[in-house]
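Since every read-out is calculated from the coordinates, none of them should be taken as a lab result. These numbers were taken from a predicted model, which means no experiment stands behind them. Here the Cβ is made from the backbone with ideal geometry for all residues, glycine too, and neighbour counts use every protein chain on show.
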Amino acid sequence: MTSAKDPICGMTVDTATAAAHGTYDGQPVYFCSVACQTAYESRRAQR
Ligand SMILES: [Zn+2]
């Protein structure tokens, strides 16, 4: 199992069962929920 850290809430998520993930700047990013992914994307859009 591979785990990754949700950058929004800091939770450790299993990459195999992550509720949401996306690729940003060529890097895969995993989230515990779609809500965290949405928050991450809106945060990026502000930069
Ligand atoms: Zn989260």
Considering only the chain, how many residues are free of Cβ contacts under 8 Å to residues at least 24 places away in the same chain and aromatic (Phe, Trp, Tyr)? 1
So which strands (runs of 3 or more DSSP E) stay within the chain end to end and still have 2 or more residues that are near the ligand (Cβ under 10 Å from one of its atoms) and exposed (fewer than 12 other Cβ atoms within 10 Å of the Cβ)? none
